[in-house]
Each structure stands twice: as C-alpha cells, then as structure tokens.
1. Sort Cys215, Cys236 by Cβ crowding within 10 Å, fewest neighbours at the top.
2. Quick one: what are the phi-derived ³J(HN,Hα) couplings along segment 45-52, Karplus 6.51/-1.76/1.60 with θ = phi - 60°, whole Hz, x for glycine and proline?
3. Give, as a single signed number, the net charge of other residues whose beta carbon lies under 12 Å from the beta carbon of Thr157, with Lys and Arg counted +1 and Asp and Glu -1.
4. Could you list, in their original order, any pairs among Lys39/Lys156; Lys220/Lys247; Lys39/Lys254; Lys39/Lys220 whose Cα atoms are separated by more than 30 Å?
5. Quick check: pseudo-label points 7 Å beyond the Cα along Cα→Cβ at Arg268 and Val203, how many nm apart are they?
6. Starting at the first residue of segment 152-169, write each ³J(HN,Hα) from the Karplus equation 6.51 cos²θ - 1.76 cosθ + 1.60 with θ = phi - 60°, in whole Hz, x for Gly and Pro.
7. Given 0.36 nm per residue, what is the gain on full extension from Asp64 to Arg244 after removing their alpha carbon distance, in nm?
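Values in this text are rule-based calculations from the coordinates and carry no lab data. Since the model is a prediction, treat every value here as computed from it, not as a measurement. Cβ: placed from backbone, ideal geometry, glycine included. Neighbour counts: every protein chain shown.
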Amino acid sequence: MKTRSYIQSHPSKKAQKPSRQKTAGRLKTEKPVKASRVKLPPPEVGHLIELVNLIPEDYRDLPDLRGELPGSRDKGELILREGASFGSERHFLLSRDSIEKLILREAERFPQPIREFLEIPDGISPDASTVEIYDILTETDRERLQERYQHITDGKTLLSAIAAHQERGSGHRFVWNAFSYPVWWHEDEEGKLQVSLSPLVSVLRGIDISRIRQCLACNKIFWAGRRNQIVCSEPCGHVLRNRRYRKAYQERYKLQRIEAEKRRENAR
C-alpha cells in the first residue's frame, strides 16, 4: 500500500501534464467564420421592394392617370373656371401640367416614405391649381415627379408579375412587355433628340428572378434570401404555420376550442 509520503513524492502522470488553460501571453486562435447562405438583394432592388409594398393595391399607374386627363370640351371648362383665354400661355400651362396635378392627388393616399421618394414639397397642396403647381415646381421637378411615380408603379406591376410567375411554377421563361413608357425621348440643351431607358431597367436588369416572391402570409413582395424561403419574415412564418395547422387539423382545433370554453364555464 502506497503511503501518503510516497504519493506526495511521486505525483501522478495526470498531474504532471501541462495545463491546457490559455495563458495571458498566448495568442487566441479564432475559428474561421462560415459564409452565410443568405443572399442579400442589391441595395436598389431592396429599396424598390420596400416602396412598392407601401403602395395601395388600388393604385393607378401613369397611363391610367393620363387617361383621366380632360378632353377638349373639359379643357374648355377648365380654362373658363381658371380664368384663362383659349390659346394663351396660361391655357398652355393648364393643359400641359394636368398630369402633375393628378399625380399629387394620387400621392395623397401614399405613405410618407413614398412621398419623400417622389420629392413632393411640403408646401404644395393636391388641391392647388395647375398654374400654382407650375409656379412651385420647375420643369425639372415635374419631369422627376413623373419619372419617379412611373418608377414605383411600374415596379409594383412588374415585381407582382414576376412573383406570380414564380408561384405558378409553369416551367416557362418569364416574359412581360407591359411597361407604360420604358423609353424616355427628350430634347437636350442643344436641341437634339435623346433617348434614355426607364430607371427601372437599370435597377432590375440581371437580377435573379427566382428570388422575387410573394409572401404566403401577408402577400407582400419580398426578396428570398434563401432558396426555400416562402415568407418575408419570421412573424409571417409563424402566421403561416398556424394557418396550416388549423387547416390540417380543423376538426381537432374546433374540438379543442369547445373543450376550452367548457373549462372556462366550469371554472366560473
């Protein structure tokens, strides 16, 4: 039998092993960070998706608004109401800028982020006359207002069409040619005709359309960071799971509610 003095003079091998505890001077080795499988959208695409989800479902795009412009008879009534003579500069302004007035009225229904994107001045009213709008907005402002309004409304129409195509899963390639005005023709400072594509073209060209989807819970358009993603957020995922559970176990859920009501009544 080993005595206590022997044990003290012959420490075990386990005790002789160097401590694995890191010393203060030893460098800490960090494990390599795994690359995330979530693919983020391009910033401009993400911003566009945020804006189009704020637009009401009963929105009217630029061609719809142009179709509401008054005809020749209505224009004459408008001229008399505003106190302008036919063929005058004031009449020219009234007939030319009516589209801006319709855009301002339509934008009244939109949330503040969209109004900020459209760069609508705070001091302008949708009830202002066309001449008053012309006095506040420069020609560049009016062109930008139309261009940006078209950008977000066409964007909503296009992204919704892409999402619907993904949901159908028909196997056919996506084709869509419903742009209101994909090309802008304009005169430059030298009086020469120039052409430029809609900003929507530069934003969405080359994106992976399989990632443009419609949330199965809230119906909003979203960018699927993961290939198997079917909802836009975690709360919507919870809502969808509850819906599927209630649909699959509808009779069972109904019985659970009846039993819960009986327990509440008995507890009174």
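1. In increasing order of surrounding Cβ atoms, one gets Cys236, Cys215.
2. For segment 45-52, the Karplus curve yields 5, x, 5, 5, 5, 4, 5, 5 Hz.
3. With Lys, Arg at +1 and Asp, Glu at -1, the net is -2.
4. Values: Lys39/Lys156 22 Å; Lys220/Lys247 22 Å; Lys39/Lys254 41 Å; Lys39/Lys220 19 Å.
Over 30 Å Cα-Cα: Lys39/Lys254.
5. The modelled label-to-label distance comes out at 5.5 nm.
6. Calculated HN-Hα couplings, in order: 7, 6, 5, x, 5, 5, 5, 5, 5, 5, 5, 4, 5, 5, 5, 5, 5, x Hz.
7. Residue separation times 0.36 nm, minus the Cα-Cα distance, leaves 60.9 nm.
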